[in-house]
Every structure is written in structure tokens, then in C-alpha cells.
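The structure appears right after this line, and notes come after that.
Read the figures in this text as sums done on the coordinates, not as results from a lab. Values in this document were obtained by computation on a predicted structure and should not be read as measured data. All Cβ positions, glycine included, derive from the backbone under ideal geometry; neighbour counts span all protein chains shown.
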Amino acid sequence: DRSKRGGSGLGLFKYIYRPKGDRKKRVCEDCSQSDRSVLVTRGRLVHCAMRAHSRKRNRSSRVDRLVAHFQENRHLFEIFSNSLVGAIQRTPTLAQLLHSIRSRVKDPDSLRRKLVARAKACEAKSGVLDINTTNLFRKVNDLAGIRLLYLNIAQIGAINRSLLNVLEEQEYRLV
């Protein structure tokens with residue numbers, strides 16, 4: 001059976017072909033499209049738009065798992081950030097050179113937006129998001145941050161040396 005498709009938001013698709021003998025049809029929750037239907041656009045066969053919906057659901061569930069993993073471990077980033085800020089403030093030479101120190105841990109909503117954007121970019125390149133719970137903290141490198149504000153650009157050399165000494169004392173490794 002062939003039926004004209006109109007007003008569905010799928011303007012490129014002209015006809016829907018349903019295979020004969022297809023009695024049990026599952027329906028896409030997002031667009032009420034049968035998952036066994038094949039869409040034809042400009043002479044090319046294209047699978048149901050439901051594939052895009054399932055990719056979106058898969059992306060969403062994967063991103064949700066990654067954000068949940070971050071939230072479970074967020075306290076580690078707060079501990080790291082607070083300990084490094086404390087070490088910097090306790091260093092007399094560095095404390096004298098700095099105007100102020102600010103720190104932050106990434107907001108889960110911001111991480112979600114970032115991961116969704118990365119997943120969409122990967123899908124556009126016909127790829128898969130290469131971030132999982134085992135490599136999340138290596139692949140996303142702005143989960144915690146410290147901002148050092150100084151007033152005189154001429155002091156940057158002394159600040160750099162002092163900061164490297166603090167990192168070495170605390171046994172932090174720069175990557």
C-alpha cells in the first residue's frame with residue numbers, strides 16, 4: 001500500500017511503503033511511525049525516521065549515565081579543587097603575587113549540554129561518542145577549574161615558578 005504523506009514535518013518524504021504480510025507493527029513513540037515502514041525520498045529508500053528517534057534516546061540515556069557517574073564522583077573534584085586552592089593560599093610568595101583565587105566544579109547540567117553537543121557532532125560524522133564512564137575524566141578536561149587573578153603582567157614568571165613548585169610539592173602531575 002502506498003499513501004501520500006502530508007503535513008507531518010517530514011517534507012522530504014513522499015511515500016510510505018509497507019511490506020505485505022506485515023501484521024505486527026510496532027509504532028514509534030515519538031512520531032507514530034511504524035518501525036517496519038520504509039520511506040522513499042527522491043527515489044532513494046530511507047529507513048523510518050524512528051532510527052533517528054532511537055539514536056536520540058540512546059544518546060540521551062548514555063549522556064544520563066555519564067552525568068550520573070560524574071555526580072557520584074563530584075566530591076573528588078571538590079576535594080581536589082579545595083586542596084589545591086588551600087596549598088596555593090598557604091604559599092607565601094604565591095599568595096603575595098595573586099589578587100584573588102576562584103575555583104569551581106562543573107555543573108551537571110553544563111556537562112550534560114557539553115556531552116549532548118559532542119554526541120551530536122560525532123553522529124554527524126557517522127561516528128559514535130567515544131566517551132564512557134571509564135574515560136570520562138580523561139576526555140572531558142574542564143570538570144574542575146581554578147582561576148588565579150593577578151594585577152601585574154610582569155609578575156607572571158614568578159607566579160609560574162611558584163605555581164609549578166606548589167604542584168610539585170603536592171605531587172600533582174600536569175598532563
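Some observations on this one:
- The HN-Hα couplings worked out from phi for the range 101-113 by the Karplus form 6.51 cos²θ - 1.76 cosθ + 1.60 (θ = phi - 60°) are 10, 10, 9, 7, 10, 4, 6, x, 5, 5, 5, 4, 4 Hz, whole numbers, x standing for Gly and Pro.
- Per-residue ³J(HN,Hα) for the range 148-156, Karplus 6.51 cos²θ - 1.76 cosθ + 1.60, θ = phi - 60°, Hz, x for Gly and Pro: 9, 9, 10, 9, 10, 4, 5, 8, 4
- Model label points for Val175 and Thr133, set 7 angstrom from Cα along the Cα-to-Cβ axis, are 1.9 nm apart.
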